[in-house]
1. What number of residues in region B:202-228 are within 8 Å of chain A (Cβ to nearest Cβ) and either at pLDDT below 80 or buried (at least 16 other Cβ atoms within 10 Å of the Cβ) (or both)?
2. With the structure loaded, tell me whether A:ARG63 is in contact with an Asp or Glu (Cβ under 8 Å, 6 or more places away or on another chain) and either in contact (Cβ under 8 Å) with a residue 24 or more places away in the chain or assigned by TED's automatic domain parsing to the domain that holds A:THR40 (or both) or whether it fails that test.
3. Could you list all residues from region A:1-44 that are part of a strand (DSSP E or B), surrounded by fewer than 19 Cβ atoms within 10 Å (Cβ to Cβ) and within 11 Å of another protein chain (Cβ to nearest Cβ)?
4. Across region A:57-79, which residue is modelled with the lowest pLDDT among those that are facing chain B (nearest Cβ under 9 Å) and over 10 Å from the mean Cα position of the chain (by Cα)?
5. Among the candidates B:ALA41, B:ALA65, B:ALA29, B:ALA53, which residue alone is more than 12 Å from chain A (Cβ to nearest Cβ), under 30 Å from B:VAL220 (Cβ atoms) and of a type in the set (A, V, I, L, M)?
6. Pairs only if they're at least six apart or on different chains, beta carbon under 6 angstrom, first in region B:236-247 and in contact (Cβ under 8 Å) with a residue 60 or more places away in the chain, second of a type in the set (Lys, Arg) and part of a helix (DSSP H, G or I); list them, first residue then second.
7. Being over 13 Å from the mean Cα position of the chain (by Cα) and not hydroxyl-bearing (Ser, Thr, Tyr) is the filter here, so list the residues in region A:5-15 that pass it.
8. Here is a check on your reading of the model: is A:LEU51 within 15 Å of the chain's Cα centre (by Cα), crowded, with 21+ Cβ neighbours inside 10 Å and within 11 Å of chain B (Cβ to nearest Cβ)?
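The values are calculated or read from the model by the stated rules, or taken from the named source; none is laboratory data. It should be emphasised that the depicted structure is a prediction, and the values quoted were computed from it without experimental measurement. No Cβ is skipped: glycine too gets one built from the backbone with ideal geometry, and neighbour counts run over all protein chains shown.
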Amino acid sequence: MAQRFPVRLVTPTGTVFEGTAEQVTAWGTLGQFGVLANHTDFITPLVPGLLEITGTDNGTDERYVVAGGFAEVRGGAMVILATEAIVPVVEDETALAHEAEAAERRLAQLSSYEPDFSEAEQAARLVRARIQASELSRTADAS
Amino acid sequence: MASLKAIRRRIASVRSTQQITRAMKLVAAARLRRAQDALVAARPYHDALARVAASVLSGETEATAPREEARRAALLVVVASDRGLCGGYNANLLRRAEEEAARVRGDHLEVRLFAVGRKALDYFRRTRAPLAGDRINNTPRLATYTLARDLARQVVNDFRWGEVVEAGMVYSSFRSALSQRPTYERLLPLSPPKPPPGREEEPRVGAAQYLIEPGFGELVPLVTQSYVEAAILHGLLEAEASEHGARMTAMDSATSNAAEMIGRLTLEMNRARQATITRELMDIVGGAEALNA
């Protein structure tokens with residue numbers, strides 16, 4: 001069995017997860033990354049995406065959609081500071097597709113020099129993450 | 001002495017006011033509880049971010065210092081309430097804001113104000129103060145992450161683009177339902193964040209010992225932004241709890257004042273009724289004696 005390490009997920013509205021886990025994967029500015037026990041001290045900003053905490057104390061895998069923030073590992077313990085962490089739910093596919101389309105269209109219209117670009121990019125990423133999470137929960141429910 | 005009927009009408013009116021103040025007190029109490037819960041729930045995030053900010057930004061005076069060519073101005077974000085009937089809450093807060101503005105002027109800086117809450121906006125309009133912007137009608141909740149993020153964006157951008165050399169916020173810090181203290185907190189330039197109390201001073205981790213992705217240069221503005229966001233959110237939460245606490249106290253004393261007044265009016269009413277009865281008896285007795293004579 002893989003070694004566990006302490007993990008904490010905190011948001012401005014409260015602590016969402018606190019316990020130990022075998023692995024955490026999340027999306028940083030350089031792409032997806034995973035953290036195992038004994039990871040070196042590190043810090044990275046998060047972009048909107050799926051956060052997965054696998055092999056927790058009670059044997060479950062937790063999944064959240066995170067809107068941004070930071071992930072920090074220090075002294076073997078990981079703290080995820082998320083501006084928002086949503087527990088994924090199965091969402092209506094067509095509504096979600098519409099939302100995604102609107103977000104992608106807005107992003108496509110902006111050039112990367114415009115001040116709204118990063119905001120639009122974040123919004124589009126968030127919708128993509130929600131689609132992914134929604135599909136994952138759907139397959140989880142089906143099995 | 002007022003007529004019996006007038007006193008009765010007065011009592012009815014005071015009683016209906018009392019019903020309103022009692023209801024407002026109960027609503028304020030429920031909201032206060034919710035606001036206090038939110039304040040407690042936000043603490044781990046705030047503490048964790050303060051720790052991250054302390055380790056990343058310590059010794060980073062350059063990245064957080066105001067620009068040399070910046071306008072000699074300071075931005076004050078003033079957090080008041082949208083509604084009144086909360087005792088001296090807004091008056092105390094605005095007095096503190098004025099003091100802070102005077103201090104800023106004493107430092108030969110131009111004052112720019114950002115009003116949060118209708119009461120702050122009305123006041124600054126009346127005094128013709130220089131307004132940089134406002135956010136009013138923050139219902140049903142004042143302390144939302146969205147509002148904190150928008151305010152932080154304004155503060156950080158003004159600072160980064162050299163519009164101001166200092167930015168801070170004036171809000172009421174919550175001590176208890178009976179006591180709220182108007183406070184000024186400087187947001188930028190960052191005063192080095194202190195580790196949360198109760199824990200021993202953590203060794204300052206130099207940036208070099210951290211693996212930072214993508215890089216230190218990218219991280220500093222992000223941490224600054226997030227730290228300012230968290231500080232503002234904290235202030236908003238404190239302000240929200242203070243407002244409800246102040247309103248609860250004010251409405252509680254209004255309710256007991258009304259009870260006292262009803263008591264006094266009831267006494268007066270009884271006296272007036274007794275006086276009428278006595279007068280009528282005297283008339284009857286006087287009439288009977290006149291017949292006997």
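1. Within region B:202-228, the first condition is being within 8 Å of chain A (Cβ to nearest Cβ), and the residues that meet it are B:205, B:209-214, B:218-219, B:222-223, B:226.
When the remaining residues are screened for being either at pLDDT below 80 or buried (at least 16 other Cβ atoms within 10 Å of the Cβ) (or both), the result is B:205, B:209-214, B:219, B:222-223, B:226.
Residues in region B:202-228 being within 8 Å of chain A (Cβ to nearest Cβ) and either at pLDDT below 80 or buried (at least 16 other Cβ atoms within 10 Å of the Cβ) (or both): 11 in total.
2. Working: in contact with an Asp or Glu (Cβ under 8 Å, 6 or more places away or on another chain): yes; either in contact (Cβ under 8 Å) with a residue 24 or more places away in the chain or assigned by TED's automatic domain parsing to the domain that holds A:THR40 (or both): yes.
Taking the combined requirement at face value, the residue satisfies it.
3. Matches in region A:1-44: A:ARG8, A:GLY14, A:THR15, A:GLU18, A:GLY28, A:GLY31, A:PHE33, A:PHE42.
4. Only one residue tops the list, namely A:ARG74.
5. Details: B:ALA41 fails: more than 12 Å from chain A (Cβ to nearest Cβ); B:ALA29 fails: under 30 Å from B:VAL220 (Cβ atoms); B:ALA53 fails: more than 12 Å from chain A (Cβ to nearest Cβ).
On inspection, the qualifying residue turns out to be B:ALA65.
6. B:HIS244/B:ARG31
7. Kept after step one, since they are over 13 Å from the mean Cα position of the chain (by Cα), are these residues of region A:5-15: A:5-8, A:12-15.
If the condition is that a residue be over 13 Å from the mean Cα position of the chain (by Cα) and not hydroxyl-bearing (Ser, Thr, Tyr), then A:PHE5, A:PRO6, A:VAL7, A:ARG8, A:PRO12, A:GLY14 are the ones that fit.
8. Details: within 15 Å of the chain's Cα centre (by Cα): yes; crowded, with 21+ Cβ neighbours inside 10 Å: yes; within 11 Å of chain B (Cβ to nearest Cβ): no.
Answer is no for this residue.
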